[in-house]
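The values are calculated or read from the model by the stated rules, or taken from the named source; none is laboratory data. Keep in mind it's a predicted model, so treat the numbers as computed, not measured. Cβ atoms come from the backbone with ideal geometry, glycine included; neighbour counts cover every protein chain shown. In case anyone asks, the SASA skips ligands and DNA or RNA and just uses the protein heavy atoms, side chains included. Shrake-Rupley method; radii C 1.70, N 1.55, O 1.52, S 1.80 Å.
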Amino acid sequence: MNKNSSNMMALAPNTSNKRETVCIFGTGDFGRALGHKMIQSGYPVVYGSRSTQISNLIPKDAEVLGHAEAAQKAAIIIIAIQRQHYNFLTPLAEVLRGKVLVDISNNLKLNQYPESNAEHLAQLLPGSKVVKAFNTVSAWALQSGTLDASRQVFVCGDDVEAKQMVMNIVRALGLTPLDKGSLLAAQEIENYPLQLFPMWKFPIFLSLGLTAFFFLYCVVLDIIYTYIYENNDFSFFIAITIPNRVCPVMALILLALVYLPGIFAAIIQLYRGTKYRRFPDWLDKWMLCRKQLGLIALAFASLHVVFTLVTPLRAFASWRTGKGIISQVLNNKTEPLDHTNAWLSDSYLALGILGFFLFVLLGITSLPSVSNNVNWREFRFVQSKLGYLALIFCTAHTLVYGGKWFLSPSAYKWYLPNIYILSLIVPCAVLVVKFVLIFPCVDKPLTQIRQGWERNPKYSK
């Protein structure tokens, strides 16, 4: 009875300035780093360990005791050990009754066990209040203080009061707690650190596939075809020329793919006459990774700028320029300035500069530090209105540069169109359909649907 009363007293809100003692089971890397961070934040820390001998690795202001004795000194106990070692806690069930146990463990692979580690701990110690937290923070980040990339801490648990106590500790350490609900969410939280760029898989695989296709396409037309029919070895095009053709093509197509799912969504909503029905799964996943597609497109556009800037330094460019000068000298004839070509050259360069500027602006506003400082209307204006303007400029840039190949029979090597012709298919389709969607006769019903109007309300039920 006295033991339970002391536990309840420890769980009561602390009204004094002194912070409550925290016990940590485990003196590994993370346990030591977390203890050091807590001591810096004003928490008395006691370690529960098999060996009570003080080590130089343990924070100097921390106390090291046996597990049972350490547990009696604190209401909150952080379990900084792996799941396979949980069995030693079973004999301590009475000592841990009523205590808040914070499970911080992770696994080696996704869904390694049928239930989460936190749920397993709750089954072993049904009298304790288990909370899952801190598993998304690394020991290195705690020790070095570089917590910007891992400041958010997911917290879940069945006991609201215990969860709130843990979240208060998270805030005191300068981290941001995020309540994920009951202990059923522990499996998802434990899987989170094991996921490698979960939202980037589709954009990366798509980008790699398209890049490989366009690269091989250019190799066939610019190197193999030229070698077979003109007996010229342009294999060195692989280093600069072909990448400088693939990069702008990829940037333009990926930018168009950012706005294409919005086009599909609008068409589906117009067809259904309601916004209260889920989109197909493939469209949902596509819309969720638009930011990643846009950032990869920006990377390709940046590479295109770098490749273009180094183009005049190439030996092939110097040779071609020198050959033209020598040809004019030998023929004693100066080629007059072609004003049409000059206009086209300056136009596509200007369009490319404007498009890249807006491209960079889109990338900057997608950063959390920037997007958090603008309201929804401002963010939507940049990402939608200026985004479509960037797509128009980039499409026009490609059209002015590569438009001359549309009607030139020599551009169709082996009856295959030039790569710039292929790159215009998706962006032109997006812009044409978007132009139709902004007509008042189409835009007005679409706006009404997105505001909640339904053509046939029965579909929303």
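With respect to Val374, is the statement that it is at pLDDT below 85 and surrounded by 13 or more Cβ atoms within 10 Å (Cβ to Cβ) true?
yes
With of a type in the set (Gly, Ala, Ser) and either surrounded by 13 or more Cβ atoms within 10 Å (Cβ to Cβ) or in contact with a Ser or Thr (Cβ under 8 Å, 6 or more places away or on another chain) (or both) as the only criterion, which of Gly452, Gly403 stands out?
None of the other options fit; the residue is Gly403.
Suppose we filter the range 259-273 for residues that are open to solvent by less than 20 Å² (accessible area, probe 1.4 Å) and either among the β-branched types (Val, Ile, Thr) or touching a strand residue (DSSP E or B) at 6+ places or on another chain (Cβ under 7 Å) (or both); how many remain?
1
What are the residues in the range 42-68 that are surrounded by 13 or more Cβ atoms within 10 Å (Cβ to Cβ) and either of a type in the set (S, T, N, Q) or not assigned by the TED database to the domain that holds Ala93 (or both), if any?
Ser49, Thr52
Identify, from the list Leu254, Leu293, the residue that is closer than 18 Å to Trp200 by Cβ, open to solvent by less than 20 Å² (accessible area, probe 1.4 Å), at pLDDT 95 or above and assigned to a helix (DSSP H, G or I).
After applying the criteria, what remains is Leu254.
Could you check how many residues of the range 409-449 are open to solvent by less than 30 Å² (accessible area, probe 1.4 Å) and free of Cβ contacts under 8 Å to residues at least 24 places away in the same chain?
Counting residues in the range 409-449 that are open to solvent by less than 30 Å² (accessible area, probe 1.4 Å) and free of Cβ contacts under 8 Å to residues at least 24 places away in the same chain gives 2.
Looking only at residues in the range 322-371 that are in a loop (DSSP other than H, G, I, E, B) and among the hydrophobic types (A, V, I, L, M, F, W, C), which one is least open to solvent (accessible area, probe 1.4 Å)?
The extreme case among them is Leu367.
For Phe381, are the conditions met, namely being among the aromatic types (Phe, Trp, Tyr), surrounded by fewer than 16 Cβ atoms within 10 Å (Cβ to Cβ) and part of a helix (DSSP H, G or I)?
Spelling it out, Phe381 is indeed among the aromatic types (Phe, Trp, Tyr), surrounded by fewer than 16 Cβ atoms within 10 Å (Cβ to Cβ) and part of a helix (DSSP H, G or I).
So, in the range 171-186, of the ones that are crowded, with 22+ Cβ neighbours inside 10 Å and within 25 Å of the chain's Cα centre (by Cα), which residue ends up farthest from Lys99 (Cα to Cα)?
Top of the filtered list is Leu175.
Spot the failing condition for Ala186; the list is (1) in contact (Cβ under 8 Å) with a residue 60 or more places away in the chain; (2) assigned by the TED database to the domain that holds Gly35; (3) not in a helix (DSSP H, G or I), and only one is missed.
(3)
For residues that are assigned to a loop (DSSP other than H, G, I, E, B) and without any contact (Cβ under 8 Å) to a residue 60 or more places away in the chain, tally how many sit in the range 58-86.
The number of residues fulfilling the criteria is 10.
Considering the range 1-30 alone, what residues qualify as being at pLDDT below 90 and either assigned to a strand (DSSP E or B) or under 21 Å from Asn106 (Cα atoms) (or both)?
Gly26, Thr27, Gly28, Asp29, Phe30
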